[in-house]
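Okay, structure first, notes after.
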Amino acid sequence: MSYEIFARKYRPWKFEEVVGQLSVVRTIQNAIASNRIAQAYLFSGVRGTGKTTVARILAKALNCANGPTPHPCPDKDHPCQFCKSIHEGSAIDVLEIDGASNRLVDDIDALREMVKYKPAYTRTKVLIIDEVHMLSPHAFNALLKTLEEPPPNTVFIFATTEFNKVPATIVSRCQHFEFRKISHKDIINHLMEITKKEGITITPAGLALIAEAADGSMRDAQSLLDQAVAFSGENIGDEDLKTILGTVGQDVLTRFSSAVLDEKPGEVFALVESVVAAGYDLRFVFGKLIEHFRALLLVRSVERPEDLLAVSSEGLEALRAEAAKASPEDLLRYLLALQQAEPGLKYSVLPRIYLEAFLVKLCHFRKIVPLRELIKDVESLKETPQRASAGPSGPAPKATPPAGSASRPAPAPGPQSGPQALSSKPAAPPKPPTPGSKDVFARVLEKLAVDRAPLAALLGQYSSVMVRDNELEVFFGSGRGFFVTSVQEKDVRAVERAASEVLGRETKVRFAEENASDGGPIRPGRELESAMKDPAVQFFMNTFKAQVLSADPVPTSREAAPKGRGPTEKDK
Ligand SMILES: Nc1ncnc2c1ncn2[C@@H]1O[C@H](COP(=O)(O)OP(=O)(O)OP(=O)(O)O)[C@@H](O)[C@H]1O
Ligand SMILES: [Mg+2]
Ligand SMILES: [Zn+2]
């Protein structure tokens, strides 16, 4: 028999089984009893606290054959067909959409299409959009329009782990519920019930260790219990738990950072294998890696790191030795990259491969132009009036970067690094820009550096810029799409503010990666966009709930081996 993970097996069936969210549950039940159902709900709160679970129970309450009722089919073993299919997530009229993987325009159009039709089998169509804060601005607008004229018999439930990122225009149209972290006591009691039912022995101290590590997330607590069972069988000893939960040893973390800092991608695979074999949760390991790189940055940046780090003196020495391998700027970039990649790991269908690919990429990270060189470069370009490329994206462009002279193969036949080389709209002849686009961008970076130094450092990795009317386009070298995906929405706004100030007019800013295969720029997500339209891809997404992590251009016949951008770049 296949093993069903605890989080799924013990997903609460009814409102009364939801732990630690009493006020949310009660308010919703009262609303149903008095027939005051809102058209849109927003559930916010940390991961694994019951948002999706409550959304499904609410959908059952609305659609139960005996409903609408605050107590839909209370007997799990004899439910009506609606309650059954909704609980299993297979009801046609209850759609769950992952906002993180549906950031493209087409998907939201498809969503509006779905909303147009009446529910096929049930009374009320329920649309659950998870991680709604990840929707693109365009998708938000589409959603807003839908919410302004809400279709009848449809209830929207939005869930988010980052409430502050949901636009106020959406929030104001929803009834908002905040899901709290679940207390240690509630987690321990709940795990106790599960272990009793499963015939697992574990000490109260062991349960407390799990609750501690789960940090308010019931799902995390349950999956830690899964891991403990996988590791120890049905008798879980405290020592085993410490192995699983106890911080990943400093030595293990140091081996990871050494692989990266010594640029030894070959070591990544064995290291990942070792933590998988030891039964660690990869997300947990990743979190520890982030802390480790923070510690490295810290010992490299402050005089008395021991005041800020809880480590032994030997531990501190080890950190110092490790941190000495890289400049503080580099360490900052590693740290930013790790933080940026963390949510991707959560959603990855193949977390192990995601982790491996990401770490391999980090190993190659430092080959990218060091900051100091870039600043020099930007300064030298201040003397150049025309906009041009910041040099090929190879290492350390010096004073004269003629196209093709870098170690990277020259782009396909085309203009030297002249303006057209980057023009994505062939028809737009470059106006003589005043002042030079590079100049403009250097000033934008200067402005940003005042209070957004890390962002300025990140953008300092650009390879060329182009100013057109009210638009500033910033390109990163081919294969460096990572930088494009690293820029967050609020960053874009900050850059736009700075650019508008520098140019003295409202300016939009866009980021794109240059395309290695044709020398022209590609927009982030262009491949992805067309891949998502592909019927075969859609079939996989629908049938297997698959997710597209990245898409690479199909090489033309004259091109040699495909250069993948790697699976770590999630669509933004
Ligand atoms: N409040 C809770 N009471 C009981 N079990 C819970 C609760 N919250 C979460 N769980 C357990 O965790 C699993 C996942 O919960 P759920 O999908 O509802 O979390 P979520 O808040 O939607 O998380 P995410 O933000 O990651 O989507 C459930 O199947 C259930 O087993
Ligand atoms: Mg959820
Ligand atoms: Zn029912």
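Throughout, read-outs are computed from the coordinates displayed, never taken from laboratory work. On a predicted model such as this, the values are computed, not experimentally measured, just so you know. Ideal geometry is used to build each Cβ from the backbone, glycine not excepted, and the neighbour counts take in all protein chains shown.
Please report Thr53, Thr169 as a ranked list, fewest other C-beta atoms within 10 angstrom at the top and most at the bottom.
Fewest to most other Cβ atoms nearby, the residues stand as Thr169, Thr53.
Taking 0.36 nm per residue of separation and subtracting the current Cα-Cα distance, fully stretching the chain between Ser301 and Asn35 would add 89.9 nm.
Using a cut-off of 11 Å between beta-carbons, work out the net charge of the residues near Pro79 (Lys and Arg +1, Asp and Glu -1, Pro79 not included).
Residues near Pro79 contribute +1 overall.
With a threshold of 24 Å on the Cα-Cα distance, the over-threshold entries among Lys51/Lys288; Lys185/Lys242; Lys9/Lys185; Lys76/Lys197 are Lys51/Lys288.
Starting from 0.36 nm per residue, how many nanometres of slack lie between Arg320 and His176 once their C-alpha separation is accounted for?
Details: separation 144, 0.36 × 144 = 51.84 nm, distance 4.68 nm.
47.2 nm is the gain from fully extending Arg320 to His176.
Going from the fewest other Cβ atoms within 10 Å to the most, the residues Lys118, Lys447, Lys165 appear in the order Lys118, Lys165, Lys447.
Relative to its Kirkwood radius, the Cα radius of gyration of the stretch 250-367 gives an Rg/Rh of 0.95. Once the Cβ-Cβ distance of Asp469 and Asn141 is raised to the sixth power relative to R0 = 25 Å, the FRET efficiency obtained is 0.65. Sorted ascending by nearby beta carbons within 10 Å, beginning with the fewest, His78, His87, His133, His184 become His78, His184, His133, His87. In this structure, Ser313 and Glu273 have a Cβ-Cβ separation that, at R0 = 25 Å, corresponds to a calculated FRET efficiency of about 0.20.
For the stretch 184-245, the relative contact order works out to 39 percent when only alpha carbon pairs closer than 8 Å and six or more residues apart are counted.
Taken along the Cα-to-beta-carbon direction at a fixed 7 Å, the label points for Phe365 and Thr27 span 4.0 nm. Available extension along the chain between Lys346 and Ile194 is 52.3 nm, counting 0.36 nm per residue and deducting the alpha carbon span. In this structure, the amide hydrogen of Val94, modeled 1.01 Å from its nitrogen in the peptide plane, lies closer than 5 angstrom to those of Val126, counting only residues at least 5 positions away or on a different chain.
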